[in-house]
Amino acid sequence: MKERIFFYSNHREDDFSIGITKKVHAQIDEIKKVGFEVFFSAYYKGGIGVFDNNNEIVKFTPYLVRKGKLNHFIRRIQNLIFVGKYIENTDYEFKYVYMRFHYWDFFSKRLIKKIKNKKIELVVEAHSYPYKKYNANILMRFFYQIDSVYSRNVHKYIDLVTAITDVKEDIWGCKTIRIENGVNLLDNELRNSRCTEHDELRLVCVANETISHGIDRLLYGLKNYYKVNQDKEVLVWMIGEYSKKN
């Protein structure tokens, strides 16, 4: 009988055009290839669902708040509580939980305690680490203060951290390994395009952009490039929803 992994995630299962949804499913596919069954959580059609190894929904709860910015805040807490109750009460046995990290607070800390009480090994993915340099508005600075309090002894509950980062030290005092961002190369045709005969290099960014996606680093990189090389003009095209904020 195959061992099971529960993949705690906050992606939208009803929209596969979003990068995080593609990434999570690429990771799930790779976990399945090495012999595990994978259950996972996701936002889905007005609520939160738990999905089985066949991507069939086995548990669902509607959002407490359906619209607006408050939905984005409340649904995160609701997801943490919902998954904790599912893991506590399900008849399925899980060998591991793989948890996509948000930030530490009372609710995320309580979830990892429940996982440890069930004697399940916990792997936490720290993407975009160090995360506290991003989104430094007043609200996020408040959440990061909460994070600083609740992250102090999370190492007691975490068996491994996977990190998409070039930071060398162990994160939260836990054993840490570095991974690459999840991309399924079989779903993306590789092209050997050469543009040496042109004076322009065109980069196209198609994404739901936030500051953590690194456009600022791209622009700083272009600044450094132009200091030493003016052979090509680099054009950056950003495609997506526009607002004054981004």
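Can we say Ile115 is surrounded by 14 or more Cβ atoms within 10 Å (Cβ to Cβ), modelled with pLDDT of 95 or more and either under 18 Å from Ile77 (Cα atoms) or of a type in the set (Asp, Glu) (or both)?
Against the criterion (surrounded by 14 or more Cβ atoms within 10 Å (Cβ to Cβ), modelled with pLDDT of 95 or more and either under 18 Å from Ile77 (Cα atoms) or of a type in the set (Asp, Glu) (or both)), Ile115 qualifies.
Considering each residue of segment 95-106, count those that are within 26 Å of Met1 (Cα to Cα) and touching a helix residue (DSSP H, G or I) at 6+ places or on another chain (Cβ under 7 Å), and give that number.
Looking only at that region, the number is 1.
So, in segment 39-75, how many residues would count as being in contact with a Lys or Arg (Cβ under 6 Å, 6 or more places away or on another chain) and within 15 Å of Tyr8 (Cβ to Cβ)?
2
Select from segment 155-172 the residues that are under 19 Å from the mean Cα position of the chain (by Cα) and in a helix (DSSP H, G or I) and list them in ascending order.
Of everything in segment 155-172, those that are under 19 Å from the mean Cα position of the chain (by Cα) and in a helix (DSSP H, G or I) turn out to be Ile171, Trp172.
Within segment 118-145, work out how many residues are at pLDDT below 95 and exposed (fewer than 14 other Cβ atoms within 10 Å of the Cβ).
Within segment 118-145, residues that are at pLDDT below 95 and exposed (fewer than 14 other Cβ atoms within 10 Å of the Cβ) number 9.
Which of the following residues is touching a Leu at 6+ places or on another chain (Cβ under 8 Å) and either on the phi > 0 side of the Ramachandran plot or not assigned by TED's automatic domain parsing to the domain that holds Asp216 (or both): Ile146, Ile74?
Just one listed residue meets the conditions, Ile74.
Of the conditions (1) within 28 Å of Asp166 (Cα to Cα); (2) without any contact (Cβ under 8 Å) to a residue 24 or more places away in the chain, Ser128 clears all except one; give me its number.
Status for Ser128: all satisfied but (2).
Every residue, every condition in (1) charged (D, E, K, R); (2) in contact (Cβ under 8 Å) with a residue 24 or more places away in the chain, yes or no:
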residue	(1), (2)
Glu3	yes, yes
Ser9	no, yes
Gly19	no, yes
Ile28	no, no
Val34	no, no
Val38	no, yes
Gly49	no, yes
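Free of Cβ contacts under 8 Å to residues at least 24 places away in the same chain and surrounded by fewer than 18 Cβ atoms within 10 Å (Cβ to Cβ) - does that describe any residue in segment 96-108?
Checked against the condition, which is being free of Cβ contacts under 8 Å to residues at least 24 places away in the same chain and surrounded by fewer than 18 Cβ atoms within 10 Å (Cβ to Cβ), segment 96-108 yields no hits at all.
Can you tell me which residue in segment 49-86 is farthest from Ile112 (Cα to Cα), limited to those that are in contact with a helix residue (DSSP H, G or I) (Cβ under 6 Å, 6 or more places away or on another chain) and buried (at least 19 other Cβ atoms within 10 Å of the Cβ)?
Per the criteria, the residue is Val50.
Hey, can you tell me all the residues within segment 68-104 that are over 15 Å from Phe51 (Cβ atoms) and hydrophobic (A, V, I, L, M, F, W, C)?
Once the filter is applied, which keeps residues that are over 15 Å from Phe51 (Cβ atoms) and hydrophobic (A, V, I, L, M, F, W, C), segment 68-104 yields Leu70, Phe73, Ile74, Ile77, Leu80, Ile81, Met99, Phe101, Trp104.
Among (1) in contact with a Leu (Cβ under 8 Å, 6 or more places away or on another chain); (2) part of a helix (DSSP H, G or I), there is one condition Lys113 misses while meeting the rest; what is its number?
Among (1) in contact with a Leu (Cβ under 8 Å, 6 or more places away or on another chain); (2) part of a helix (DSSP H, G or I), Lys113 violates only (1).
Quick one: would you say Lys156 is over 21 Å from Arg4 (Cβ atoms) and either of a type outside the set (A, V, I, L, M, F, W, C) or not assigned by TED's automatic domain parsing to the domain that holds Cys174 (or both)?
When the stated conditions are applied, Lys156 passes them.
The values are calculated or read from the model by the stated rules, or taken from the named source; none is laboratory data. A quick note: this is a predicted structure, and the numbers were derived from the prediction, not measured. Reconstructed Cβ throughout: ideal geometry from the backbone, glycine too, with neighbour counts over all protein chains shown.
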